[in-house]
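Presented below is the structure to which this report refers.
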Amino acid sequence: MSKFAKEFFSRVKTPGGGAGGAGGPSPGNEGGGAGILTRSLGGLALIGGGFYFGLNHMLFNVEGGHRAVVYNRLLGMKEKIYGEGTHIRLPWFDRPTIYDIRAKPRVIASVTGSRDLQMVNITLRVLTRPDQSKYVV
């Protein structure tokens, strides 16, 4: 075992049956072994949680058939239109808005009369798609 590991485990060991009484530290040992481990694990958990939170809020996904524009609180609307994929943003400053640009059918039905006074149903199906160059103004 390395010198570092021996020193670390000697600090982590809790005193067994010392004269401290009621689980307190024995004379000559200030009781810092378990405290060091708890503080280091707490700090590690805090750093790991902060890293996860930051990474989770720094990324946004744009699905296929969608586009995104980003509003920055300091600079306003960004000129770039983000295509499908995963993109990076600044968590509080950037706010992405995702739009669906797929073609959508719209059905227009009408009942009209013919020359011989019969009622005829006419249905028109129109495919519409937004112009993505007009998103950023």
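The values are calculated or read from the model by the stated rules, or taken from the named source; none is laboratory data. Only a predicted model underlies this, so the values are computations on that prediction, with no experimental measurement involved. Cβ atoms come from the backbone with ideal geometry, glycine included; neighbour counts cover every protein chain shown. Note: areas computed on protein heavy atoms with side chains; ligands, DNA, RNA excluded. Shrake-Rupley method; radii C 1.70, N 1.55, O 1.52, S 1.80 Å.
Please work out how much accessible surface Lys134 shows to a 1.4 Å probe, ignoring ligands, DNA and RNA, in Å² rounded to 10.
Roll a 1.4 Å probe over it and Lys134 shows about 140 Å².
Taking H as built 1.01 Å from N, whose amide H comes closer than 5 Å to the amide H of Ile101, not counting residues under 5 places away?
Correct list: His66, Arg67.
Just in segment 69-137: which chymotrypsin sites (Phe, Trp or Tyr not before Pro) are loop by DSSP and have at most 16 other Cβ atoms within 10 Å? Intermediate results must be reported in sequence, preceding the final value.
Values: sites: Tyr71, Tyr82, Trp92, Phe93, Tyr99, Tyr135; in loops: Trp92, Phe93, Tyr135.
Counting only loop positions with at most 16 other Cβ atoms within 10 Å, the chymotrypsin sites (Phe, Trp or Tyr not before Pro) in segment 69-137 are Trp92, Phe93, Tyr135.
Mind checking which aspartates and glutamates have their Cα closer than 13 Å to the Cα of Lys3? Skip sequence neighbours fewer than 8 apart in that chain.
none
Round to the nearest 10 and report in Å² the accessible area of Thr38, as given by a 1.4 Å probe over the protein chains' heavy atoms.
Here the accessible area works out near 90 Å².
Sort Val107, Val62 by accessible area with a 1.4 Å probe, largest first. Walk me through the numbers before you get to the answer.
Details: Val107 95, Val62 5 Å².
Output order, biggest surface exposure first: Val107, Val62.
Please calculate the 1.4 Å probe accessible area of Glu63, with all protein chains present, and give it to the nearest 10 Å².
Roughly 120 Å² of Glu63 is accessible to a 1.4 Å probe.
Assuming 0.36 nm per residue, please report the length gained on full extension of the stretch Thr123 to Leu90 beyond their Cα-Cα distance.
Values: separation 33, 0.36 × 33 = 11.88 nm, distance 4.81 nm.
Computed gain between Thr123 and Leu90 is 7.1 nm.
Measuring from label point to label point, each 7 Å out along Cα→Cβ, what is the Leu75 to Val107 span in nm?
4.6 nm
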